[in-house]
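A.B. asks: The structure's right below; bear with me while I get my questions together.
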Amino acid sequence: MSLTFHWFLPTNGDSRHVVGGGHGAPVTAAGGDRPPTVGYLTQIARAAEHLGFVGALTPTGAWCEDAWLTTAMVSQNTERLKFLVAFRPGFVSPTLAAQMASTYQRQTGGRLLLNVVTGGESHEQRGYGDFLDKDARYARTGEFLSIVRDLWDGKTVDLAGEHLRVEDAKLTRLPDPVPQIYFGGSSPAAGQVAARHAEVYLTWGEPPAQVARKIAWIRSLAAEQGRTVRFGIRLHVITRDTSDQAWAEARRLLDGFDPETVRAVQTGLGRSESEGQQRMLALHGGSLDNLEIHPNLWAGIGLVRGGAGTALVGSHAEVAERIAEYHSVGIDEFVFSGYPHLEEAYWFGEGVLPLLRDRGLWSHPFRTSTQPPTVQARFATSGRP
């Protein structure tokens, strides 16, 4: 089985420094270095497509551009790359979301994947008019996904749930293919939703032993539902020709962290309701010391960024070895990012992926000959610049 790799579209801006944001953390000034224009994001998407990434994750929240709108525009400048669109089910009706996904599939040739984000911060949710507490949000997510899946199956849905109600809901045009659901969360409530509805359970980049325990937990819950789930991991990456070069880059990023910014971000993230965020914080404890928490696993990103806070750092061979280690505990999909995202996509795609190909762990998902896929021919026939 070939491993699946996804990249990341930085809709909160990009830089040669770490761009903050997420889980209540403000976007740092570095986010303005490369604004998240459709033109720049298209450069990243085309690079990812060329290198062999299957999809690109786009985040959701008040700190970034809207994922649905942005990826819909970027998709028109790519051919095969899928878009792992993060969205929060409490902000839109399930029938409308099912219809949006169906439209997206038709207009992009079936290139939508959905990352369902329940929302871990009540104060941010309230800004969108959502006043449910965390457990209630997960219960609503379960109802939401039940409705959406029935609609995608062509059913007419009547449901009067605790949080959602629809009558005579149906779609006139069904999505083809049905989008796969990616879902993460470390709380008991999150586990139940993942077991019932997710095709892929996503975890942030904890050490392999902790990831293995999470996988066993979700597998057990899914088995109780008569289901199987695939597993993915969300990490940053700094890979270079030599280990020394990679760690020098990590130190450069670390040297760019303003101590006051670190303190402010850690204070804010410490109030997070997300169990996954608290697990990220526990990996470094707010300290700039001892940030290599497992061979080649660096927790420095999480000092100034909410959400995924760890990176694989090392030579191409070392990073490939760590990927193989995560695969050995059950991970089949990897969602990577790096600063800046355009250049780091090439470091990884040209340095690590060939090593994984040689080990029989990966094959290019689009390439059927020695020539890379291009979009120039389509532009020539469509008349687009």
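A.B. asks: Taking the stated definitions as given, is Gly154 of a type in the set (Gly, Ala, Ser), open to solvent by 10 Å² or more (accessible area, probe 1.4 Å), at pLDDT 95 or above and at negative phi?
C.D. replies: Answer is no for this residue.
A.B. asks: Listed residues Leu151, Leu113, Leu174, Leu145; which is over 30 Å from Arg271 (Cα atoms) and either among the basic types (Lys, Arg) or part of a helix (DSSP H, G or I) (or both)?
C.D. replies: Residue meeting the stated conditions: Leu151.
A.B. asks: Residues in the stretch 112-135 that are free of Cβ contacts under 8 Å to residues at least 40 places away in the same chain and open to solvent by 20 Å² or more (accessible area, probe 1.4 Å): how many?
C.D. replies: 4
A.B. asks: Any residue that is within 19 Å of His364 (Cα to Cα) and open to solvent by less than 10 Å² (accessible area, probe 1.4 Å) - is there at least one of those in the stretch 54-67?
C.D. replies: Yes; the residues of the stretch 54-67 include at least one that is within 19 Å of His364 (Cα to Cα) and open to solvent by less than 10 Å² (accessible area, probe 1.4 Å).
A.B. asks: Something else now. Sort out which residues of the stretch 46-79 are within 17 Å of Leu114 (Cα to Cα) and small (Gly, Ala, Ser), and write them in order of number.
C.D. replies: Once the filter is applied, which keeps residues that are within 17 Å of Leu114 (Cα to Cα) and small (Gly, Ala, Ser), the stretch 46-79 yields Gly55, Ala56, Gly61, Ala67, Ala72, Ser75.
A.B. asks: Output the residue which, of all residues in the stretch 139-151 that are farther than 14 Å from Pro179 by Cα and out of contact with any Pro (no Cβ under 9 Å at 6 or more places or on another chain), is least open to solvent (accessible area, probe 1.4 Å).
C.D. replies: Gly142
A.B. asks: Mind listing just one residue for me: the one in the stretch 218-261 that is open to solvent by 70 Å² or more (accessible area, probe 1.4 Å) and touching a strand residue (DSSP E or B) at 6+ places or on another chain (Cβ under 9 Å) and, of those, farthest from Gly302 (Cα to Cα)?
C.D. replies: Ranking the candidates gives Arg219 first.
A.B. asks: Filter the stretch 63-108 for residues that are in a helix (DSSP H, G or I) and aromatic (Phe, Trp, Tyr); which is nearest to Arg126 (Cα to Cα)?
C.D. replies: Phe91
A.B. asks: Can you tell me which residues in the stretch 86-135 are farther than 22 Å from Thr11 by Cα, of a type in the set (A, V, I, L, M) and modelled with pLDDT under 95?
C.D. replies: If the condition is that a residue be farther than 22 Å from Thr11 by Cα, of a type in the set (A, V, I, L, M) and modelled with pLDDT under 95, then Leu132 is the only one that fits.
A.B. asks: OK, next. Take Asn290 and tell me if it is open to solvent by 60 Å² or more (accessible area, probe 1.4 Å), of a type in the set (S, T, N, Q) and over 24 Å from Thr11 (Cβ atoms).
C.D. replies: For Asn290, the condition - open to solvent by 60 Å² or more (accessible area, probe 1.4 Å), of a type in the set (S, T, N, Q) and over 24 Å from Thr11 (Cβ atoms) - is met.
The values are calculated or read from the model by the stated rules, or taken from the named source; none is laboratory data. In this text, all values refer to a predicted model and were calculated from it rather than measured experimentally. Glycine also receives a Cβ, built like all others from the backbone with ideal geometry; neighbour counts cover every protein chain displayed. Surface accessibility is based on the protein's heavy atoms, side chains included, excluding ligands, DNA and RNA. Shrake-Rupley method; radii C 1.70, N 1.55, O 1.52, S 1.80 Å.
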